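Chemist: The following block contains the structure, expressed as structure tokens.
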């Protein structure tokens with residue numbers, strides 16, 4: 001690296017309150033091992049979610065992953081699904097026909113004339 005690049009890196013690290021060794025470690029391996037595993041797990045979660053047509057939430061996705069031999073915890077699966085905004089779709093219930101006799105409508109005696117001369121005269 002040139003001297004100008006070293007100076008820029010040193011200035012950037014000083015402004016961001018980061019160590020230079022930490023910057024270079026990040027530069028050579030920007031993602032942690034956990035982040036790499038989370039990405040791999042996200043692919044498995046999406047596969048299970050799409051196989052269920054979006055009906056599965058984290059408990060069933062977690063159960064699917066357990067069946068395939070993955071050993072991750074349910075809270076980790078829930079966190080990844082929450083961060084990626086993957087949610088179970090709620091079911092839709094179509095309106096059902098109500099069986100039985102139809103309601104009896106009372107006759108309209110008042111015909112919207114609520115003012116009367118005496119009580120109990122309408």
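Just so you know, all these numbers are worked out from the coordinates, no wet-lab data involved. This is a predicted model, so every value here is computed, not measured. Glycine also receives a Cβ, built like all others from the backbone with ideal geometry; neighbour counts cover every protein chain displayed.
Chemist: I'd like the orientation of helix 74-83 relative to the chain: the angle between its Cα long axis and the longest Cα principal axis, in ° from 0 to 90, rounded to 10.
Modeler: The helix 74-83 is inclined about 80 degrees to the chain.
Chemist: Still on this model: Using a Gaussian network model on the chain with a 10 Å cutoff between Cα atoms, which of 21, 48, 32 fluctuates the most?
Modeler: 21
Chemist: On a 0 to 90° scale, report how tilted helix 58-67 is relative to the longest principal axis of the chain, with both axes built from alpha carbons and the result rounded to the nearest 10.
Modeler: 50 degrees
Chemist: Sort 47, 120 so that the residue with the fewest other Cβ atoms within 10 Å of its own Cβ comes first and the one with the most comes last. Numbers along the way, then the final one.
Modeler: Values: 47 14, 120 5.
Exposure proxy ranking, most exposed first: 120, 47.
Chemist: Could you please tell me the mean projected area of the C-alpha convex hull for the stretch 45-91, averaged over all directions and given in square nanometres to one decimal?
Modeler: Values: hull surface 11.8 nm².
The number I arrive at for the stretch 45-91 is 2.9 nm².
Chemist: Sort 114, 62, 23 by Cβ crowding within 10 Å, fewest neighbours at the top.
Modeler: Working: 114 7, 62 22, 23 15.
Arranged by neighbour count, lowest to highest, 114, 62, 23 become 114, 23, 62.
Chemist: If you fit an axis through the alpha-carbon atoms of helix 33-51 and take the longest principal axis of the Cα set of the chain, what angle between them do you get, 0 to 90°, nearest 10?
Modeler: 30 degrees
Chemist: Expressed in nm to one decimal, what extension gain is obtained for the pair residue 68 and residue 96 from 0.36 nm per residue of sequence separation less their Cα-Cα distance?
Modeler: Numbers: separation 28, 0.36 × 28 = 10.08 nm, distance 3.95 nm.
Gain on extension, residue 68 to residue 96, equals 6.1 nm.
Chemist: Also, I was wondering about something else. Given a cut-off of under 8 Å on Cα pairs at least six residues apart, what relative contact order in percent is computed for the chain?
Modeler: 17 percent
Chemist: Okay, next question. Please give the length that would be gained between residue 52 and residue 20 if that part of the chain were fully extended, namely 0.36 nm times their separation in residues minus their C-alpha to C-alpha distance (nm, one decimal).
Modeler: Numbers: separation 32, 0.36 × 32 = 11.52 nm, distance 4.70 nm.
Gain in length upon complete extension: 6.8 nm.
Chemist: Moving on. When N counts the residues of the chain, how does its alpha-carbon radius of gyration compare numerically with 2.2 N^0.38 Å, as a ratio?
Modeler: Values: Rg = 32.6 Å, N = 122, 2.2 N^0.38 = 13.7 Å.
It is 2.39.
Chemist: With n ≥ 4 as the cut-off for DSSP H runs, can you work out [θ] at 222 nm for the chain, using -39500 (n - 2.57) per run divided by the number of residues, rounded to the nearest 500? Numbers along the way, then the final one.
Modeler: Working: 5 runs with 62 residues, N = 122.
Calculated mean residue ellipticity at 222 nm is -16000 deg cm²/dmol.
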